[in-house]
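Data first, discussion second: the structure below is written as structure tokens.
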Amino acid sequence: MHQLKKKFPKQALKSHGNRIKPQYIPQINILTCFCPFNSPFNSPFNSHFNFPFYSHLNSHLKIMPELLDETDLQILKTLQKNAKLTTKELADAVHLTPTPVFERQKRLEKKGYIKKYVAVLDPDKLNQGLLVFCKVKLKQINREIAESFTRRIMRIPEVTECYNTSGNYDYLLKVRARDMKQYQEFVLTKLGDIDSVGSIESTFVMSEIKQNYGINL
């Protein structure tokens, strides 16, 4: 186990019979381990290094989140405020040159930290000024009913957001409409057309006090 000890400090390894017991898992991406031919790890059962230590470490590495540095966070904060920035403008904002900023932004997109870029529209100017939070309780709920309800909601354009919640109601819908008449039509012909809906409760927004599209980083 000569080369294994090079990769882990002594306090990381503890003799435990014929096995190596990890005391903590260091933040590494790849484990390279070469076992001597007379090692108990070299057996058909442990082929491809599938021995307990490796399996434990490998499962831990799969769930270990990738750490973002301060520059990554600054790029995300800046793009939350203005996603239309060019690469050069973004680089100036985070005090780097364009090439590494472009590479970082593409990596953040590929890893899913940036899900998509959208334009935020003014609902009042587009005659969609009525905002309603609609609580929905189903008659009964199981996986099949929940999936069916979700599919129906995904096809209704008036519903801009939908959350499965705890409490007295099963779902919270954020609904945009032109006026009360259109919302009533939505309730009667769209929500009311879903057989699993048992009851609803509507809360009408009088004014929007704060609307922040970003997350706190």
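The values are calculated or read from the model by the stated rules, or taken from the named source; none is laboratory data. Being a predicted model, the structure only gives us computed values, none of them experimental. FYI the Cβ positions are ideal-geometry reconstructions off the backbone, even for glycines, and counts take in every protein chain you see. For accessibility, only protein heavy atoms count, side chains too; no ligands or nucleic acids. Shrake-Rupley method; radii C 1.70, N 1.55, O 1.52, S 1.80 Å.
Assorted remarks:
- Computed with a 1.4 Å probe over protein heavy atoms only, the accessible area of PHE102 comes to about 100 Å².
- Close amide H contacts of TYR171 (hydrogens built in the peptide plane, cut-off under 5 Å, sequence separation of 5 or more or a different chain): VAL136, THR165.
- Segment ILE215-ILE145, length gained on full extension (0.36 nm per residue, minus Cα span): 22.0 nm
- Normalised contact order of the stretch 158-197, rounded percent, pairs of Cα under 8 Å and 6 or more residues apart: 31 percent
- Pairs from LYS81/LYS181; LYS116/LYS210; LYS81/LYS135; LYS125/LYS210; LYS84/LYS125 whose Cα-Cα separation, in the structure shown, is over 28 Å: LYS81/LYS181; LYS81/LYS135
- Full-extension gain in nm, GLU103 to GLN184, via 0.36 nm per residue minus C-alpha separation: 24.3 nm
- Counted charge near GLY112, where neighbours are those whose Cβ lies closer than 14 Å (Asp, Glu -1; Lys, Arg +1): +3
- Across the stretch 94-106, coupling constants 3J(HN,Hα) worked out from phi with the 6.51/-1.76/1.60 Karplus curve, θ = phi - 60°, read 9, 6, 9, 7, x, 4, x, 5, 4, 5, 5, 5, 5 Hz, and Gly and Pro carry x.
- Amide H to amide H, with H built 1.01 Å from N, GLY198 comes under 5 Å of LYS137, LEU138, LYS139, counting only residues 5 or more places away or on other chains.
- Cα shape, the stretch 119-190, gyration tensor, a/c 1.5 rule: prolate
- Take the Cβ atoms of GLU89 and LEU68, set R0 to 25 Å, and the FRET efficiency comes out at 0.75.
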